[in-house]
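Input: a single structure, listed below in structure tokens.
The values are calculated or read from the model by the stated rules, or taken from the named source; none is laboratory data. What you see is a predicted model, and the numbers here were worked out from it, not measured in a lab. For neighbour counting, all protein chains shown are included, and Cβ atoms are generated from backbone atoms with ideal geometry for every residue, glycine included.
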Amino acid sequence: MVTYLGAKVGQARKKYGVKYPLMYDSKEPMFNCYQRAHQNTLEQIPYFLLFLLLGGIQHPGVCIVCGLIWIVSRLSYAFGYYTGDPEKRLKGVYGYIGLFGLIAATISFALHLLQWI
């Protein structure tokens, strides 16, 4: 999914004529939407992977479902952003269900390790 979003940025870079090393372009706001959708996903990946790994040790089934919800939501987020209307990125807001599920599974695992539950 992250590779796909990165490839979409590369395609947008060619389409809108944005040269390296520019990350964003004041003349092409549509390119910025592609770049920002990818960048935001990259910013969230470390937390997602950490919670997926730790929560998945004790609750693998729950984490698989929550992880898939998060991944699909990131695509919804990106496709909404690609419209050029940044408000449409909120189509991916349901990803927080998956993320909070992963956080809950990780907390449950931590409490289990501490023998509090």
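For the range 5-21, give me each residue that is loosely packed, with under 13 Cβ neighbours inside 10 Å, assigned to a loop (DSSP other than H, G, I, E, B) and at negative phi.
K19, Y20, P21
Is it the case that H59 is of a type outside the set (S, T, N, Q) and more than 18 Å from V2 (Cα to Cα)?
Details: of a type outside the set (S, T, N, Q): yes; more than 18 Å from V2 (Cα to Cα): yes.
Spelling it out, H59 is indeed of a type outside the set (S, T, N, Q) and more than 18 Å from V2 (Cα to Cα).
Being more than 17 Å from the chain's Cα centre (by Cα) and among the hydrophobic types (A, V, I, L, M, F, W, C) is true for just one of L22, L50. Which residue is that? First the steps, then the outcome.
Working: L50 fails: more than 17 Å from the chain's Cα centre (by Cα).
That would be L22, the only listed residue that is more than 17 Å from the chain's Cα centre (by Cα) and among the hydrophobic types (A, V, I, L, M, F, W, C).
Any residue at all in the range 64-78 that's out of contact with any strand residue (DSSP E or B) (no Cβ under 9 Å at 6 or more places or on another chain), without any contact (Cβ under 8 Å) to a residue 24 or more places away in the chain and under 18 Å from G101 (Cα atoms)?
Quick first cut of the range 64-78, residues out of contact with any strand residue (DSSP E or B) (no Cβ under 9 Å at 6 or more places or on another chain) only: 64-78.
Add one more test, that the residue is without any contact (Cβ under 8 Å) to a residue 24 or more places away in the chain, and what stays is 64, 72, 76.
Cutting the leftovers down to under 18 Å from G101 (Cα atoms) gives us 64, 72.
Yes, there is a match, as at least one residue in the range 64-78 is out of contact with any strand residue (DSSP E or B) (no Cβ under 9 Å at 6 or more places or on another chain), without any contact (Cβ under 8 Å) to a residue 24 or more places away in the chain and under 18 Å from G101 (Cα atoms).
If you scan the range 24-61, which residues turn out to be under 26 Å from A110 (Cα atoms) and either modelled with pLDDT under 95 or aromatic (F, W, Y) (or both)?
Matches in the range 24-61: Y47, F48, F51.
Looking at the structure I just gave you, is L42 touching a residue at least 12 places away in the same chain (Cβ under 8 Å) and part of a helix (DSSP H, G or I)? Write out each step before concluding.
Details: touching a residue at least 12 places away in the same chain (Cβ under 8 Å): yes; part of a helix (DSSP H, G or I): yes.
The answer is yes for L42.
Collect the residues in the range 66-88 that are loosely packed, with under 13 Cβ neighbours inside 10 Å and in a helix (DSSP H, G or I), keeping them in residue-number order.
Filtering the range 66-88 for residues loosely packed, with under 13 Cβ neighbours inside 10 Å gives 68, 84-85, 87.
If the condition is that a residue be loosely packed, with under 13 Cβ neighbours inside 10 Å and in a helix (DSSP H, G or I), then L68, E87 are the ones that fit.
Can you pull out every residue in the range 89-117 that is more than 16 Å from V62 (Cβ to Cβ), assigned to a helix (DSSP H, G or I) and hydrophobic (A, V, I, L, M, F, W, C)? Step through it out loud before you land on a result.
Start the filter on the range 89-117 by keeping residues that are more than 16 Å from V62 (Cβ to Cβ), which leaves 89-94, 113-116.
Subset that is assigned to a helix (DSSP H, G or I): 89-92, 113.
Residues satisfying the conditions are L90, L113.
So which residues in the range 1-53 are farther than 28 Å from L99 by Cα and among the charged types (D, E, K, R), if there are any at all?
R13, K14, K15, K19, D25, K27, E28 - these are the residues of the range 1-53 that are farther than 28 Å from L99 by Cα and among the charged types (D, E, K, R).
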